[in-house]
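None of the figures in this text is laboratory data; all of them are computed from the coordinates on show. Keep in mind the model is a prediction, meaning the values are calculated, not measured. For neighbour counting, all protein chains shown are included, and Cβ atoms are generated from backbone atoms with ideal geometry for every residue, glycine included.
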Amino acid sequence: MPGTTQKSGVVVAIDGSEESNAAVRWATQEAAMRRDRLTIVSVVNREYLYIRDPETQDRVHQWQRQHAEGLLRRAQATVEDSDGATAIPEIDTRLTYGKSVPVLADMSKDCRILVVGRRGLGAFDRLVLGSVSMGLVHYAHSPVAVIHGDTQPDLSQPVLVGIDGSPISESAVAVAFDEASHREVALIAMHAWVDVLDAAPEFDWRVEREEAHEVLGERLAGWQERYPDVKVIRKVVKGNPGRWLVEHSGQAQLVVVGSHGRGGFAGMLLGSVSRRVVEAAQTPVIVVRPS
């Protein structure tokens, strides 16, 4: 199948929480599916610590390092014990020091996708939406997959993508088609044509409805030609796109959205639609950043 990116490699960040463990499992499946290399990363942040006694500081730093090394060993064992381990050409672990967001954002320059848990332990530099996870969907150079620890998606279900007609939405469509093709499942392409809660019923929305169908058709035409193996299910809905994407996320194994959109009614603006989907979706979410 045709590719959509020249980058390779899956990077997953861990902190020992259940959601980061789920991120490791999802990243393993992603790497095995594409026969891609997998890098497991633990970032130790010492900058927030201020310990006046040098001996105590050394002991704390040693504990941090040993704890992180233990997390990496367990994560690597999880990967190696998985059914798809033999399909992964290279499994690497990396212990780095610094603030998680800039460290991981820098690593994302060279990988195809960065994977994180939605929430973490809450200790040290945690992977919590609003801190590391949200920071990465703002600043990463690659798409970011945010994984919920309590989800076990049905891998026979389709991929769901939100489309608003913006350039970043086009990038999200590219990722969604690529994921659906590799997973050998259908793609649900959703476009919301009014982002106004309970829009006045006496208004005549026929023109907007027709334009919405045209926008969706135009955005899909070229991609359907490139991916003839992917069955596309078109959904044009009226209302808030975030609400519709969250509502339909239970029928998908993966949701793909752009980090921000064109604004206005159906804009995929991070902090509104994308944030709502990442926070509330019932399945893993890939947030696609500008190239």
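What to note about this one:
- Residues L220, L187, L155 in ascending order of nearby Cβ atoms (within 10 Å, fewest first): L155, L220, L187.
- Dipole magnitude of the range 10-147 about its Cα centre (Cβ charges: Lys, Arg +1; Asp, Glu -1), debye to nearest 20: 240 debye
- Hits among aspartates and glutamates - C-alpha to C-alpha of K238 under 19 Å, sequence gap 8 or more where chains match: D164, D195, D198, E202, D204, E208, E210, E211, E214, E218, E247
- Subtracting the Cα-Cα distance of E47 and D81 from 0.36 nm times their residue separation leaves 8.8 nm of extension gain.
- In straight-distance terms, cross-link reach from K109 covers every one of the lysines whose alpha-carbon lies under 26 Å from its own, apart from those fewer than eight places away in the same chain; here that gives K7, K99.
- Relative contact order (%) - the range 10-147, alpha-carbon pairs under 8 angstrom, separation at least six: 35 percent
- Each peptide among 97-107, 79-89, 138-148 gets the average number of other Cβ atoms lying within 10 Å of its residues, and from highest to lowest they stand as 138-148, 97-107, 79-89.
- Residues R226, R34, arranged from fewest to most other Cβ atoms within 10 angstrom of their Cβ, appear as R226, R34.
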